[in-house]
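Asker: Before we start, here is the structure in question, set down as structure tokens.
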Amino acid sequence: MKLTDIRLQPRHYINGAWVNGTTTGISINPSNTAEVVAEYARADRNQTDDAIGAAADALPQWALSTPQRRAEALDMVGSELLARKEELGELLAREEGKTLPESIGEVARAGQLFKFFAGEAIRIQGETLASVRPGIQVDITREPVGVIGIIAPWNFPFAIPAWKIAPALAYGNTVVFKPAELVPACGWALAEIISRSGLPAGAFNLIMGSGREVGQTLIEHPAVNAVSFTGSVGTGKRVLEATTSRGAKVQLEMGGKNPLVVLGDADLDQAVDCAVQGAYFSTGQRCTASSRLIVTRDIHDAFVVRLRNRLEALKVGNALERGIDMGPVVDQSQLEQNQAYLNIGREEGAVHVWGGERVERATPGHYMLPALFLAQPEHRIASEEIFGPVACVMEAQNYEHALALANDTPFGLCAGICTTSLKHAVHFKRHAQAGMTMVNLPTAGVDFHVPFGGRKESSYGPREQGRYAAEFYTTVKTSYMLA
Ligand code: TXE
């Protein structure tokens with residue numbers, strides 16, 4: 001029997017055992033709201049304390065485990081994710097609502113992340129230097145930070161937990177993982193694989209429940225040495241305050257309002273393709289989504305016509321159906337937020353070009369058409385993160401103006417440009433105020449082995465992914481020895 005044939009009943013995983021919750025919650029299929037995907041355990045503060053206590057107790061043993069042992073555990077998790085990507089992808093599509101190909105791709109990426117960090121576990125490096133004083137040797141080594149609290153959002157329920165859990169364990173830390181309330185079954189399915197990977201009891205714990213209770217306990221608890229968080233700016237600020245005020249290490253990945261600049265010399269089809277993929281795929285629910293399309297005057301009208309034609313042809317529907325381009329919005333409140341922004345856009349004078357209507361399909365779900373507006377920089381739909389399939393085109397006089405518009409945002413996650421000019425591409429890579437830049441590529445869609453993260457209000461703390469993950473998940477020790 002497949003995971004997706006049954007109503008799942010995920011339980012917490014604490015100290016190597018599966019544990020019932022103090023209460024129960026449900027997750028719903030956004031493509032068919034009549035279907036309950038999971039009835040999951042929800043924890044209170046006491047159960048969260050138990051999970052943190054287990055991680056603290058397991059720390060000395062796991063911190064001293066051999067790189068070989070860590071690599072084998074992570075490699076096993078990666079292999080199983082890759083081998084079961086279709087089945088787990090179906091679960092992801094059912095619970096979160098991204099299309100089946102996108103979901104399968106995400107599970108595969110999670111598998112690759114575990115395999116990458118299996119390799120990193122055996123490549124942990126240090127340095128040896130001669131002291132400036134005679135006869136003394138200096139060693140610089142990396143040690144685990146301790147217990148890591150991992151707080152994940154719903155929009156990448158396999159990949160984001162994977163890019164946090166895998167490096168945490170690779171560098172010898174222990175973990176308490178809290179998935180988002182909308183996607184407990186995905187969090188549980190990942191935890192279930194990790195539970196069979198040969199870790200000592202308590203090295204990895206899964207605890208499900210609300211941000212207010214479980215999340216808040218994790219960020220305030222004195223035994224949690226570091227917190228890695230991805231989610232909204234508002235919650236991120238709360239996490240920052242609670243962790244820094246008690247001296248814990250913290251890493252935040254938050255919102256984006258990412259620009260895609262299109263210059264007159266761009267390949268128009270390629271640019272429209274980048275805009276469609278970047279703004280609307282995964283229903284626009286990506287922190288790297290290109291929600292601001294900044295197009296120079298010479299190509300503006302042609303770009304808008306072509307983009308509108310592409311949007312008209314996009315198939316919106318049940319995430320599990322073959323041939324669908326865009327699945328539903330994740331839940332009712334996100335759908336209402338998206339609809340509210342469409343009204344704000346109209347009221348503020350943005351010009352509606354296409355879409356945004358709620359639509360019905362064979363199953364009851366949170367479906368809406370992709371929406372496109374022509375906007376001015378001061379419009380809220382052009383400056384605030386909506387986190388839905390809504391994009392704005394803004395007209396720029398020339399490249400310099402386009403760059404200024406691109407940088408005119410409190411966010412700084414990703415910035416893209418479509419151009420055939422080497423001069424402008426190189427200049428943009430250098431001057432875009434973002435953690436990641438893309439030339440002739442969609443702003444969304446990144447590799448698993450290189451750093452991920454932004455500037456300004458998008459991110460805080462060291463980068464995630466690639467070997468740069470060591471900055472967050474290890475602490476440096478400098479040792480002197482009289483030789
Ligand atoms: O985010 P939250 P949600 C944005 C997007 C979306 C909005 C809400 O605009 O509409 O955020 O999404 C946990 N202490 N993004 O509700 O609330 C919470 O349980 C500790 C953008 O998912 O930030 C969940 O596990 N933890 C973003 C996680 O924090 C707390 C991706 C994220 O929840 C907590 C997702 C607390 N007090 C949403 N309160 C992006 N740009 O990638 C909540 N949590």
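The values are calculated or read from the model by the stated rules, or taken from the named source; none is laboratory data. Because the structure is a prediction, the values reported are computed rather than measured. Here the Cβ is made from the backbone with ideal geometry for all residues, glycine too, and neighbour counts use every protein chain on show. Side chains are part of the model used for accessible areas, which takes the heavy atoms of the whole protein and leaves out ligands, DNA and RNA. Shrake-Rupley method; radii C 1.70, N 1.55, O 1.52, S 1.80 Å.
Asker: What net charge do the residues around Gly255 carry, taking every other residue with its C-beta under 10 Å from that of Gly255, with Lys and Arg at +1 and Asp and Glu at -1?
Answerer: With Lys, Arg at +1 and Asp, Glu at -1, the net is -3.
Asker: So, one more: Can you send over the carbon and sulfur percentage of the accessible area for the chain, probe radius 1.4 Å, protein chains only?
Answerer: 51
Asker: May I pose another question? Under a point spin-label approximation (7 Å from Cα along Cα-to-Cβ), what is the Glu400-Glu127 distance to one decimal in nm?
Answerer: A separation of 4.1 nm, rounded to one decimal place.
Asker: Please give the contour-minus-distance gain from Arg430 to Gln332: 0.36 nm per residue of separation, less the Cα-Cα distance, rounded to one decimal in nm.
Answerer: Stretched out fully, the Arg430 to Gln332 stretch lengthens by 31.3 nm.
Asker: In whole Hz, with x marking every Gly and Pro, tabulate ³J(HN,Hα) for the stretch 441-447 from phi via Karplus 6.51 cos²θ - 1.76 cosθ + 1.60, θ = phi - 60°.
Answerer: 9, x, 5, 9, x, 10, 7
Asker: For the Cα atoms of the chain, what angle does the longest principal axis make with the long axis of helix 45-63, in degrees from 0 to 90, nearest 10?
Answerer: 60
Asker: Also: Taking a cut-off of 13 Å between Cα atoms, list the aspartates and glutamates near Lys2, but don't count ones fewer than 8 places away on the same chain.
Answerer: Hits, sequence-local ones excluded: Glu86, Glu87, Glu90.
Asker: How big is the gap, in Å, between the Cα center of the stretch 387-439 and the Cα center of the stretch 246-315?
Answerer: 10
Asker: A follow-up question, please. Can you give the FRET efficiency to the nearest 0.05 for Glu241 and Arg358, using r as the Cβ-Cβ distance and R₀ = 35 Å? Show your work: numbers first, answer last.
Answerer: Working: r = 37 Å, r/R0 = 1.07.
It comes out at approximately 0.40.
Asker: Taking amide H atoms as placed 1.01 Å from N in the peptide plane, list the residues 5 or more away in sequence, or in a different chain, whose amide H sits under 5 Å from that of Thr475.
Answerer: Under 5 Å from the amide H of Thr475 lie the amide H atoms of Glu143, Val145, each far enough along the sequence or on another chain.
Asker: Can you grab the distance from the C-alpha centre of the stretch 180-197 to the C-alpha centre of the stretch 220-235, Å, no decimals?
Answerer: Centre-to-centre (Cα) distance: 19 Å.
Asker: Please arrange Met438, Met326 by accessible surface area, largest first, computed with a 1.4 Å probe and ligands excluded.
Answerer: Listed by decreasing accessible area, they come as Met438, Met326.
Asker: Let me ask something else. Between 0 and 90 degrees, rounded to the nearest ten: what's the tilt of helix 85-96 against the longest Cα principal axis of the chain?
Answerer: Between the helix axis and the principal axis of the chain, the angle is about 70 degrees.
Asker: How much accessible area per residue does the stretch 382-483 have, in Å², with a 1.4 Å probe?
Answerer: 46
Asker: Quote the FRET efficiency, to the nearest 0.05, computed for Asn407 versus Gln68 with a Förster distance R0 of 60 Å and r equal to the Cβ-Cβ distance.
Answerer: Step by step, r from the Cβ atoms, then E = 0.80.
Asker: How many percent of all Cα-Cα pairs in the chain sit more than 29 Å apart? Write down the numbers at each step before the final one.
Answerer: Numbers: 58155 of 116403 pairs.
Beyond 29 Å sits 50 percent of the P(r) for the chain.
Asker: Show which lysines lie in cross-link reach of Lys115 when reach means a straight Cα distance below 19 angstrom and same-chain residues fewer than eight apart are skipped.
Answerer: Lys85, Lys164
Asker: Not counting ligands, DNA or RNA, and with a 1.4 Å probe, what is Tyr480's accessible surface area in Å² rounded to the nearest 10?
Answerer: Per-residue accessible area (Tyr480): approximately 140 Å².
Asker: Counting heavy atoms of the protein chains only and a 1.4 Å probe, report the per residue accessible area for the stretch 289-358 as a whole number of Å².
Answerer: That works out to 46 Å² for each residue.
Asker: Under 19 Å between alpha carbons, and skipping anything fewer than 8 positions from Lys237 in its own chain: which aspartates and glutamates qualify?
Answerer: Within the straight-line cut-off, Lys237 pairs with Glu213, Glu220, Glu253, Glu384, Glu385, Glu457, Glu464.
Asker: So how exposed is Glu312, as accessible area in Å² (1.4 Å probe, rounded to 10)?
Answerer: 90
Asker: Also, quick follow-up: Could you give me the ³J(HN,Hα) list for the stretch 258-273, computed from phi with Karplus coefficients 6.51, -1.76, 1.60 and θ = phi - 60°, whole Hz, x at Gly and Pro?
Answerer: 7, x, 10, 8, 10, 9, x, 8, 5, 6, 4, 4, 5, 5, 5, 4
Asker: With a probe of 1.4 Å, find how much accessible area the stretch 87-243 has per residue, and write the answer as a whole number in Å².
Answerer: On a per-residue basis, 29 Å².
Asker: For the stretch 122-139, what does the Karplus curve 6.51 cos²θ - 1.76 cosθ + 1.60, with θ = phi - 60°, yield as ³J(HN,Hα) per residue in whole Hz, taken in order and with x for Gly and Pro?
Answerer: Values, residue by residue: 9, 10, 4, 10, x, 9, 10, 10, 6, 5, 6, 9, x, x, 10, 10, 10, 10 Hz.
Asker: Also, I was wondering about something else. What FRET efficiency, computed as 1/(1 + (r/R0)^6) with R0 = 56 Å and r the Cβ-Cβ distance, is obtained for Asp44 and Gln137, rounded to the nearest 0.05?
Answerer: 0.65
Asker: When only Cα pairs under 8 Å and 6 or more residues apart are kept, what is the percent relative contact order across the stretch 230-369?
Answerer: Across the stretch 230-369, relative contact order equals 18 percent.
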